[in-house]
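The next block holds one structure in the form of structure tokens; read it before the comments.
The values are calculated or read from the model by the stated rules, or taken from the named source; none is laboratory data. The model shown is predicted, which means the values in this text are computed figures rather than measured ones. All Cβ positions, even for glycine, are placed from backbone atoms using ideal geometry, and neighbour counts span all protein chains on display. Please note that ligands, DNA and RNA were not included when accessible areas were found on the heavy atoms of the full protein model with its side chains. Shrake-Rupley method; radii C 1.70, N 1.55, O 1.52, S 1.80 Å.
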Amino acid sequence: MVQSDAELTVAQRLGQLLDRGLLPAGGPAEAAERLIERLERPARVALLGLPGSGKSAILNLLTGAVVVPETLRLPTIIVQHGAVPRMLCTLTDGRTETVPGSDLNHVLALNPALVTLEMDLPALKVISLLEVSAGPMEAEQRRAAIWASKRADILIWCTTSYLPKEQQVWEGMPDVVKDNGFLFLTKVDLLGSREAAAGMLERVEMRAGEEFRQVLSISAKQARAAMAPGAPVDRELFRDSGAAAVITTIKS
């Protein structure tokens, strides 16, 4: 069955124009090819922030599964779609080793610099995730943020309070990166009450609101409690945790 023009996606329409030679060679045609590639692949999301800022919890929330154990000390990780679970480990000497399965405990002995984890999860057909591991110093975070910005379409800065050194890193990023940057205030359940969490969010928004596309608060702990195994999702708790807003924002 032939699709009508109204049913075609933007990528399909551009592809037809290229196939028919209706776009001028050079710049316009190359730009169209880049746009098609961008539209047809999953959106690349990078998770940045200080150690312990809740990046793994956000990654697990966005994938809908416990992909990265929050207790493991891991290098930078890319999580993307693949038909067969496997882990591609880039070693410090540049070699790559493949480890079958998805248990990240099995790669620790290799001491990899980067792990690309492929899994057949529905969410990964829409997004791929890059969790960046970097030390707490401002210079380390800056290098990591610049590196990730070249490999992602969306950047998420995870923080528990948005410290001055975090502000310095993000404020130094190019405006084109900030246009697709989000700040997630994580672990708000540790603040003790809704009033305390709301107050922290207000203070962070005052410092960061103009630097990010959006500032959201999220309690991954509450989100996990709302999705207890073997029980229906507690939609009210899930919404109150901030998880529903986070997922809607990133996947829209």
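For the stretch 124-143, check the following and say yes or no: at least one residue is part of a helix (DSSP H, G or I), closer than 18 Å to ILE247 by Cβ, open to solvent by less than 10 Å² (accessible area, probe 1.4 Å) and out of contact with any Lys or Arg (no Cβ under 7 Å at 6 or more places or on another chain). Taking every residue of the stretch 124-143 in turn, at least one turns out to be part of a helix (DSSP H, G or I), closer than 18 Å to ILE247 by Cβ, open to solvent by less than 10 Å² (accessible area, probe 1.4 Å) and out of contact with any Lys or Arg (no Cβ under 7 Å at 6 or more places or on another chain). The residues in the stretch 91-141 that are in contact with a Cys (Cβ under 9 Å, 6 or more places away or on another chain) and among the β-branched types (Val, Ile, Thr) can be counted, and the count is 6. Number of residues in the stretch 46-73 that are modelled with pLDDT under 95 and more than 25 Å from ALA228 (Cα to Cα): the value is 1. Filtered by the rule that a residue be closer than 15 Å to ILE156 by Cα and either charged (D, E, K, R) or in contact with a Phe, Trp or Tyr (Cβ under 7 Å, 6 or more places away or on another chain) (or both), the stretch 211-243 gives GLU211, PHE212, ARG213, GLN214, LEU216, ILE218. Scanning the stretch 186-231 for residues that are among the charged types (D, E, K, R), touching a Ser or Thr at 6+ places or on another chain (Cβ under 8 Å) and under 19 Å from THR249 (Cβ atoms) turns up just one, LYS187. If the condition is being out of contact with any helix residue (DSSP H, G or I) (no Cβ under 8 Å at 6 or more places or on another chain), at pLDDT 95 or above, closer than 23 Å to ALA148 by Cβ and among the polar types (S, T, N, Q), then the stretch 77-106 contributes THR90, THR96, SER102. Can you spot a residue in the stretch 42-64 that is in contact with a strand residue (DSSP E or B) (Cβ under 8 Å, 6 or more places away or on another chain), in contact (Cβ under 8 Å) with a residue 12 or more places away in the chain, closer than 20 Å to ILE154 by Cα and open to solvent by 60 Å² or more (accessible area, probe 1.4 Å)? Looking for residues that are in contact with a strand residue (DSSP E or B) (Cβ under 8 Å, 6 or more places away or on another chain), in contact (Cβ under 8 Å) with a residue 12 or more places away in the chain, closer than 20 Å to ILE154 by Cα and open to solvent by 60 Å² or more (accessible area, probe 1.4 Å), one finds at least one in the stretch 42-64, hence yes. Please find, within the stretch 39-68, the residue that is farthest from ASP179 (Cα to Cα) out of those that are of a type in the set (Gly, Ala, Ser) and in a loop (DSSP other than H, G, I, E, B). Once the filter is applied, the top-ranked residue is ALA65. The listed residues are THR159, THR186, and the only one of them that is within 15 Å of MET206 (Cα to Cα), in contact with a Gly (Cβ under 8 Å, 6 or more places away or on another chain) and not aromatic (Phe, Trp, Tyr) turns out to be THR159. Inside the stretch 85-100, can you point out the residues that are more than 14 Å from VAL68 (Cβ to Cβ) and either assigned to a loop (DSSP other than H, G, I, E, B) or free of Cβ contacts under 8 Å to residues at least 24 places away in the same chain (or both)? LEU91, THR92, ASP93, GLY94, ARG95, THR96, GLU97, THR98, VAL99, PRO100, listed by residue number.
Restricting attention to the stretch 110-120, does a residue exist that is in contact with a Ser or Thr (Cβ under 8 Å, 6 or more places away or on another chain), open to solvent by 10 Å² or more (accessible area, probe 1.4 Å) and assigned to a helix (DSSP H, G or I)? Among the residues of the stretch 110-120, not one is in contact with a Ser or Thr (Cβ under 8 Å, 6 or more places away or on another chain), open to solvent by 10 Å² or more (accessible area, probe 1.4 Å) and assigned to a helix (DSSP H, G or I), which makes the answer no.
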